[in-house]
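Comments concern the structure below.
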Amino acid sequence: MNLHTWHKESEKEWDVFAPMWVKNSQEMWESGSRKNIIPFFSEYVPSGVKVADIGCGDGVGSLKLAEAGFEVTGVDLSNVMIEFAKGKTALLPELSFIQGDFYDLPFKDEEMDAALVINSLEYTGEPLTVLKEIQRVIKPGGYACFGILGPTAEPRKKFSFQRLLGDKVIMNTMQAWEFEKMATETGWKVVSDTGVAKRGVDFAKLGHFSKELKQAVSFMWLFLLQKKVDQ
């Protein structure tokens, strides 16, 4: 699938999937797989700065960032998602949403202090290109928090498996360790990382496991990256 087709198919699938996503997103951010993302992000990124939430979906995560004191602009490929998200802007003036292309983000060079990118790179045909585009809009010394799905996370079964049957899919096969290597080789420093365990997995009991083995049983792995000052 070429990049243009991938882009259009991804937009179409997320437009269709949006109503289902909205039913579960609040729970994900408050008590589910995403509940620790904002605390993790806030531990390193100072409040009050400008944050791009790239792949914001229906805006629940963006709203929680704004409530934590950040000035947030959410960007999503799906217009349906953005319409759901815009309903949240009345709650906080420092929150806005834009439909946008991850390959051509609607920001000036070095305009943003930080970015939140949760389970978004997996849905791109050229993750390196998107990573470099995110790097373009972040100030030197700024931060980006990425969440990369684990190898057996349910969304991979839904959006990636069918490639083995010859179908065109909208999810790449990039793993957390591959993302980390790609990031460190393209001007990012890993400040911190942590796992989100799958149901039934207790990381506390896997203390002797290597990070790669823990990633294998994770639902998602979070990375807090810093853009090197000389980039």
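The values are calculated or read from the model by the stated rules, or taken from the named source; none is laboratory data. As the structure is a computational prediction, the values presented were derived from the model and not from experiment. In this analysis, Cβ positions are derived from the backbone assuming ideal geometry, glycine residues included, and neighbour counts consider all displayed protein chains. Please note that ligands, DNA and RNA were not included when accessible areas were found on the heavy atoms of the full protein model with its side chains. Shrake-Rupley method; radii C 1.70, N 1.55, O 1.52, S 1.80 Å.
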Compare E30, E111, E185 in a GNM of the chain, Cα atoms joined below 10 Å, and give the one with the largest fluctuation.
-> E185
Given 25 °C, 0.890 mPa s and a Kirkwood radius over Cα pairs, the Stokes-Einstein diffusion coefficient of region 1-58 in µm²/s is 178
Any chance you could look up the accessible area of Y103 with a 1.4 Å probe, heavy atoms only, rounded to 10 Å²?
-> 50
Just need the relative contact order of the chain here, percent rounded to a whole number, with Cα pairs under 8 Å and 6+ apart.
-> 18
Heavy-atom accessible area order for S192, S218, largest first, 1.4 Å probe = S192, S218
Distance from a point 7 Å along Cα→Cβ of T152 to each backbone N in region 185-228: keep the residues under 15 Å and list them by number.
-> 197-203, 213-220
Relative to the present Cα-Cα distance, how much length would full extension add between A204 and S192 at 0.36 nm per residue of separation?
-> 2.5 nm
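Out of the total accessible area of the chain (probe 1.4 Å, heavy atoms of protein only), what percent is carbon and sulfur?
Numbers: 5700 of 10810 Å².
Answer for the chain: carbon and sulfur cover 53 percent of the accessible area.
Can you work out the FRET efficiency for the pair E27 and L164, with r the C-beta to C-beta distance and R0 = 25 Å, to the nearest 0.05?
Values: r = 31 Å, r/R0 = 1.23.
The formula returns an efficiency of 0.20 here.
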Using only the Cα atoms, work out Rg/Rh for region 95-213, with Rh taken as the Kirkwood radius, to two decimals.
-> 0.99
Cα extents of the chain along the principal axes, largest first, in whole Å, come to 43, 37, 35
Dimensionless Rg/Rh of region 1-124, both radii on Cα and Rh by Kirkwood, sits at 0.95
Accessible surface of V190 - all protein chains present, 1.4 Å probe, nearest 10 Å² = 40
22 Å Cα-Cα threshold exceeded, pairs from K64/K211; K157/K214; K86/K189; K132/K189; K64/K86; K158/K227 | K64/K211; K86/K189; K158/K227
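Looking at region 141-191, I'd like the Rg to Rh ratio, where Rg is from alpha-carbon atoms and Rh is Kirkwood's inverse mean 1/r.
Numbers: Rg = 13.6 Å, Rh = 12.6 Å.
Rounded to two decimals, Rg/Rh equals 1.08.
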Largest first, how would V217, V137 line up by accessible area (1.4 Å probe)?
-> V217, V137
Most mobile of G74, G200, G150 per a Gaussian network model of the chain (Cα springs, under 10 Å)?
-> G200
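Compute the FRET efficiency between M20 and W177 as 1/(1 + (r/R0)^6), taking r as their Cβ-Cβ distance and R0 = 30 Å, and round to the nearest 0.05. Display every interim value, and only then the final one.
On the way: r = 30 Å, r/R0 = 1.01.
According to the calculation, E is roughly 0.50.
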Rotationally averaged projected area of region 78-127 (alpha carbon convex hull; nm²) | 4.4
Leaving out ligands, DNA and RNA but keeping every protein chain, what accessible area does D113 have, in Å² rounded to the nearest 10, with a 1.4 Å probe?
-> 40
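Quick one: plug the Kirkwood hydrodynamic radius of region 166-211 (C-alpha pairs) into Stokes-Einstein at 20 °C, 1.002 mPa s, and report D in µm²/s. Walk me through the numbers on the way to the answer.
Values: Rh = 13.6 Å.
For these conditions, the coefficient is 158 µm²/s.
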Between A144, A68, A52, which gets the highest mean-square fluctuation from a Gaussian network model of the chain, Cα cutoff 10 Å?
-> A68
